[in-house]
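FYI, it's all coordinate maths here, none of it is from the lab. For clarity, every value in this text was computed on a predicted model and none was experimentally measured. So basically every Cβ, Gly included, is an ideal-geometry build from the backbone, and we count neighbours across all protein chains shown.
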Amino acid sequence: MDTSIAGHVRPEAVLTAVSRHFKIHMSNLLGPRRDSHCAYPRHIVMHLLREHTNLSWPKMGKLLGRNHSTCISGARKIGRLRAKDPGCQETLAEILTQLNLQEALNASTSMSPTIIVIRVTPRA
């Protein structure tokens, strides 16, 4: 898909993936509407932009037509919700799959690496 170096995603790719996932027009993500139909997907965008791009908070705010503190609040809200709500986790996983970043989600949600050892013994 439209990814850049070092596993980071282009901001436009995040906006497009979230817009497609929630079936809302890009203008609703970037516009002034504050109803949950637009705000929740916008918060998802803020979270994904923070986790998977090199955008600073002020640049993210400029991209989304928001104050940087609004972006901080939205991204943190999704971070907290992700820990409690399996539906939010599933939504993030589906969008990251669209962005070919499912591995990033798995790495960010596991607290420690899991090592699996398989021993194969020959039959006598």
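Between Ser69 and His8, what is the spin-label point distance in nm, taking each point 7 Å from the Cα along the Cα→C-beta axis?
2.6 nm
In Å, what is the Rg of the alpha-carbon atoms in segment 5-109, and how long is Dmax?
Rg and Dmax of segment 5-109, Cα atoms, are 12.5, 35 Å.
Stretch Arg20-Arg33 to full length: gain in nm at 0.36 nm per residue minus the Cα-Cα span?
The Arg20-Arg33 span can extend by a further 2.9 nm.
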